[in-house]
Amino acid sequence: MIQAVRKKEAFLNVTNLMTKIHTPEGSMTVLDHINLSIDKGDIMAIVGESGSGKSMTIHSILQMITKNLLDSYAGEIEVEGKSILDIGEKEMQQIRGKKISLVAQNAMTSLDPSYRVGKQIIEIILDKTNLSKREAIEKALYLLEEMGIDEAKRVFQSYPHQLSGGLRQRVVIAMSLACDPDLIIADEPTSALDPSVQLQVLELFKKINRDLGTAILIITHDFGVVARIAESVAVMYAGQIVEQGKTSEVIYNPQHPYTNSLLNCIPDLDWIFLDGVGKKPLFQIKGEPPNLMNLSSGCRFANRCHMAKDICRSKLPELKKVHSPDLNHLVRCLLTERRESYAK
Amino acid sequence: MQNESLLDVQGLTKVYGNKGSLFVPRKEMLAVNNVSFSIKKGETFGLIGESGSGKTTIGRMVLRLIEATAGDIQYEGKSILSMKKGEMDKLRSEMQIIFQDSGSAFNPRKTIGEQILHPLNKFHSNSDAGYQYNKVIEMLDVVGLRADFYHRYPHELSGGQRQRAGIARALIVKPKFLVLDEPVSALDVSVKAQIINLLIDLQKEFQLTYLFIAHNLDLVAYFCDKVAVLSKGELIETAPTIELFRKPKHEVTQKLLSSILTLDGDLGEYYRKQSAI
Ligand SMILES: Nc1ncnc2c1ncn2[C@@H]1O[C@H](COP(=O)(O)OP(=O)(O)O)[C@@H](O)[C@H]1O
Ligand SMILES: Nc1ncnc2c1ncn2[C@@H]1O[C@H](COP(=O)(O)OP(=O)(O)O)[C@@H](O)[C@H]1O
Ligand code: SF4
Ligand SMILES: [Mg+2]
Ligand SMILES: [Mg+2]
């Protein structure tokens, strides 16, 4: 039977987001013209090295950057077509509580050690819904069971330290579902986990997406994670998006040298599994990302790029469409730009 | 020589917990149970297993940072568990450890240079200041940090740079054997590769032997000559890397390796086929 094509409903739209923060050396632009759009039910990933601005992006979307740190936001952020950059804190709390929830980086270490897990989940449910205490308990147990926890009652009664890392991460994800959000943003939810637990947690996000239709925005520095879960991906470098598009396009047809380098960092295991294939040297990206306070006028990746030409040091590439089956495949690289213009 | 063993571990066992008393019930935890393996000179020996399986405990017992409950550890043919303090102290400079986050082992108020110097003072206290300074600069260079890192503080370094500084500090006393306890687990994928390549270069340059503990199994495959798998404190399987990854014998190993993520998905399918044969 042919299923009706579900028309995607836009949920989150970020347009030309610029975020500046205060530093002892002055104002620093940590995000430069970020564009993202997430439809209901999407699974998207943001991938990039530490310091590239992944957390800043989601903290800007949720307007969680503290007053002391924040210099300014510019651009546009819309949730269900409504601009949220200039709404008040009260309304913003409604968005954070009811529409978008965050599984923060290192959230599993932020569970309160002195309260039982169940109490902590119930508190969140009571805070974010109109349920009675009795209903909240039921919902908490239901959520834990949904997380694939066999002994939901035992976990409910436990203190955080009595649970393994994997179980704690499930508890934190259960909490993020307390308000039936349209979108869960998860900041490096599996970086600290064992590989088998990482896989279980990724499967869990897929299940939540499938069963509840919740959109997922997952932040990671590992393309293996992106490949396993996300339909689309944005690659960040030094506060900018350098490539974005469908995951399969970006992985199998990468256009930006940085994307290529990140993909190459995943060790190739062919030499182990295939006879006659030699072991290749482990690829590494040399050097470090640039200091955002001290940027040149050229491409931000230029000092590490093996394709760099003279022009790359003076001209900043723009994010542009490339010739690709994926109409939304965008790349920020002067060489790709030139190749594209010849192809036309 | 490649074939000489540097470290022989026999029946190593660790029980954590109190001995109990009239009022406090005896509560014990068997963290490592009767583990035996040996590491050859110049080899990289991998230790993998889920968290809590006992990897760190083994790494620390081998260096006598914690005492073994039972078993024997021989380093170059000499039993180290029965060594007197003086003899053990001498050996300490030959055996060093690198942790997941060297940063947390650094004193936030001392410069990187001072901290790299610290073990040198501990083991070779009579060298003069000029020699010491040059030695630190040399070590910084060895791990790929510029000389001006001498005067920086830990918080001014990125995770990868701190890990390099940690390696410099371990190497300054010219060790032969290093326990690497999850040295890249907290780092970005791209920085992981930098540190592994550095460790490989250093191994060649200084004839080092490594015990590599990690949960990044694709890097273990790349880096190690031999791999041992721990499960609940017991060694369930030890094999040369290719053999272990191609045909894991134990179900637990299969499950562990199945979760390796590649760009084409996880390796579950491969191991399901393997076990069907
Ligand atoms: N609290 C802070 N104070 C000063 N700079 C910060 C702070 N948080 C983040 N930054 C800077 O903002 C940039 C982006 O950081 P972040 O979004 O946390 O990166 P990521 O999550 O990709 O690792 C980095 O250059 C970082 O140094
Ligand atoms: N100091 C300690 N006291 C009591 N139990 C410990 C101690 N250190 C580790 N354990 C326990 O021993 C087991 C093995 O721990 P560990 O060696 O750290 O494992 P791994 O490094 O493989 O994660 C775990 O169950 C852990 O909780
Ligand atoms: S613009 Fe130049 S330096 Fe930048 S990524 Fe492209 S080729 Fe490399
Ligand atoms: Mg972050
Ligand atoms: Mg450990």
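Per the conditions (1) out of contact with any Phe, Trp or Tyr (no Cβ under 8 Å at 6 or more places or on another chain); (2) within 12 Å of chain A (Cβ to nearest Cβ); (3) surrounded by 21 or more Cβ atoms within 10 Å (Cβ to Cβ), the sole criterion not satisfied by B:Asn197 is (3). Only one of (1) touching a Ser or Thr at 6+ places or on another chain (Cβ under 7 Å); (2) of a type in the set (Lys, Arg); (3) over 25 Å from A:Asn13 (Cβ atoms) is not met by A:Arg228, so which one is it? Tallying (1) touching a Ser or Thr at 6+ places or on another chain (Cβ under 7 Å); (2) of a type in the set (Lys, Arg); (3) over 25 Å from A:Asn13 (Cβ atoms), A:Arg228 fails exactly one: (1).
Is it the case, given these coordinates, that A:Ser232 is of a type in the set (S, T, N, Q) and within 16 Å of ligand 2 (Cβ to nearest atom)?
Values: of a type in the set (S, T, N, Q): yes; within 16 Å of ligand 2 (Cβ to nearest atom): no.
Considered against the rule, which asks whether it is of a type in the set (S, T, N, Q) and within 16 Å of ligand 2 (Cβ to nearest atom), A:Ser232 comes out as no.
Taking the residues in the range A:86-106 that are out of contact with any helix residue (DSSP H, G or I) (no Cβ under 9 Å at 6 or more places or on another chain) and of a type in the set (A, V, I, L, M) as candidates, determine which candidate is nearest to A:Leu126 (Cα to Cα). Ranking the candidates gives A:Ile95 first. In the range B:241-253 there is at least one residue that is at the interface with chain A (Cβ under 9 Å from one of its Cβ atoms), surrounded by fewer than 18 Cβ atoms within 10 Å (Cβ to Cβ) and not in a loop (DSSP other than H, G, I, E, B).
The set of residues in the range A:252-308 that are over 24 Å from the mean Cα position of the chain (by Cα) and away from chain B (no Cβ under 14 Å) comprises A:Asn294, A:Leu295, A:Ser296, A:Ser297, A:Gly298, A:Ala302, A:Asn303, A:Met307, A:Ala308.
Conditions (1) within 14 Å of chain A (Cβ to nearest Cβ); (2) aromatic (Phe, Trp, Tyr); (3) within 16 Å of ligand 5 (Cβ to nearest atom), marked per residue:
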residue: B:Val62; (1), (2), (3): no, no, yes
residue: B:Asp72; (1), (2), (3): no, no, no
residue: B:Ile80; (1), (2), (3): no, no, no
residue: B:Lys90; (1), (2), (3): no, no, no
residue: B:Gln96; (1), (2), (3): no, no, no
residue: B:Phe106; (1), (2), (3): no, yes, no
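In the range A:53-81, the residues that are within 14 Å of chain B (Cβ to nearest Cβ) reach residues that are within 16 Å of ligand 4 (Cβ to nearest atom) and not in a strand (DSSP E or B) with C-beta atoms within less than 6 angstrom, at least six apart or across chains, in these pairs: A:Gly53/A:Gly239; A:Lys54/A:Gly48.
The lone criterion from (1) within 16 Å of ligand 3 (Cβ to nearest atom); (2) more than 14 Å from chain B (Cβ to nearest Cβ) left unmet by A:Gly48 is number (2).
When restricted to residues that are more than 14 Å from ligand 1 (Cβ to nearest atom) and in contact with a Ser or Thr (Cβ under 7 Å, 6 or more places away or on another chain), the range A:18-41 contains 1.
Every number here is computed from the coordinates shown, using simple stated rules; none is lab data. None of the values given here were measured: they were computed from a predicted structure. Cβ atoms come from the backbone with ideal geometry, glycine included; neighbour counts cover every protein chain shown.
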